[in-house]
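**Q** First the structure, which I've put down as structure tokens, then a few questions once you've had a look.
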Amino acid sequence: MYQTFAKYLDHDAYTALNALRLKSRHRFAGSAAGEHRSFRMGQAIEFAQHRQYAPGDDLRYLDWKIYGRTDKYYLKQSEDETDLCCYVLLDNSESMSFAGTDSEISKLQYARRLAVALAFVTLAGQDRIGLGMLSDRLFDYLPPSSAISQLSRWDEVFEKTSAAGGTDLPSGVAQFVDQARQPGLVVLISDLLGPEQGLQGALTLLRGAGHDAIVLHVMDRQEREFRFDGELHFEGLESAGEVDVNGAQIRNAYLEELDNFIEKQRQNCWGLGFEFSTVLTDFPLAAALSSHFRH
């Protein structure tokens, strides 16, 4: 399990991430104000609600009466349980395979490192985190848990999947909303390449389900700065066709269109009370996350 952290996080990232802790501006059902975790379940505390068991949860708090009626495992939660539930939704579509000529890793590889960095910060605060992989649907959904051992399952998912398929954020998020048992903080990691209104539709679904959200828009520096010259031939990664262009002739128009696109996505997030930032694949992991986490 700890090997998973070492596989995706170098020493500098590990040190910098140690200074960060998860935060959310919203209070969710079943959570109380104050420190994230103050477990006193099983004592003379007012009962609040149930939540479905996830691997790594303390078996002492299983509700055996519910199990006897339903054959399903649920835990009792008191008003004093204040852990924050975090979900990482990771775009695994084909466009995430892109890596610029000067880049060491693809957008997908960087997104996986970001996801593990988020898991590190979340688990260090004794909060729960889950993972969902997205393309034109949701697949490989791992429910949130506070057990470090779940990181080995994340690594298994990463190892068996490669960037493939188109992007349909509303479809994937709709499936996630159906499966997520508890509202929490959703961190969407994506290059946002897909249908124009895709992000807006996905965010509206999250807000309707009571989630808070952070959108981390992942780009390669070559995409962001359009570091292309001369006569170029581009092939779409998600059935977008092919085009021949002159890099110098279209650079300014491309950058203007891209700036407008990013600003529109930012406003979509802010309009629903969510956070947004664009991160490049050469950003240090802690720097990419620091504006969304408390020190």
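Taken together, the values in this text are just the output of simple stated rules run on the coordinates, not laboratory data. Being a predicted model, the structure only gives us computed values, none of them experimental. Every residue, glycine as well, gets a Cβ built from its backbone with ideal geometry; the counts of neighbours run over all protein chains shown.
**Q** Limiting things to C-alpha atoms, what are the Rg and the maximum Cα-Cα separation (Dmax) for the stretch 142-295, in angstroms?
**A** So, for the stretch 142-295, Rg and Dmax equal 17.6, 53 Å respectively.
**Q** Quick one: what are the phi-derived ³J(HN,Hα) couplings along the stretch 161-168, Karplus 6.51/-1.76/1.60 with θ = phi - 60°, whole Hz, x for glycine and proline?
**A** Running phi through 6.51 cos²θ - 1.76 cosθ + 1.60 with θ = phi - 60° gives 10, 10, 4, 7, x, x, 10, 9 Hz.
**Q** Now, a different point. Taking the Cβ of residue 256 as the center, what net charge do the other residues with Cβ under 15 Å away carry, scoring Lys and Arg +1 and Asp and Glu -1? Walk me through the intermediate numbers first.
**A** Working: positive: 224, 251, 264; negative: 223, 225, 257, 259, 263.
Charge balance in the 15 Å sphere: -2.
**Q** Sticking with this structure for a sec: How much length, in nm to one decimal, is gained on full extension between residue 66 and residue 15, taken as 0.36 nm per residue of separation minus their Cα-Cα distance? Provide the component values of the computation, followed by the final result.
**A** Working: separation 51, 0.36 × 51 = 18.36 nm, distance 4.32 nm.
Between residue 66 and residue 15, full extension yields an extra 14.0 nm.
**Q** Can I ask one more? What percent antiparallel are the DSSP beta bridges of the stretch 187-255, to the nearest 5?
**A** Values: 5 of 9 bridges.
Given both bridge residues lie in the stretch 187-255, the antiparallel proportion sits at roughly 55 percent.
**Q** Can you tell me the length gained on complete extension of the stretch residue 270 to residue 162, counting 0.36 nm per residue apart and subtracting the Cα distance?
**A** Details: separation 108, 0.36 × 108 = 38.88 nm, distance 3.15 nm.
So the chain would gain 35.7 nm between residue 270 and residue 162.
**Q** Using amide H atoms built in the peptide plane, which far-off residues or other-chain residues are under 5 Å from residue 187 H to H?
**A** Here 87, 88, 89, 214 satisfy the definition.
**Q** Something else: Any chance you could list P(r) for the stretch 66-161, counting all Cα-Cα pairs in 10 angstrom bins from zero, rounded to whole %?
**A** Taking every Cα pair in the stretch 66-161, the percentages come to 14, 39, 29, 13, 4, 1.
**Q** Hey, fewest Cβ within 10 Å first, where do 171, 162, 190 land in order?
**A** On the way: 171 18, 162 12, 190 26.
Ordered from fewest to most neighbouring Cβ atoms within 10 Å, 171, 162, 190 come out as 162, 171, 190.
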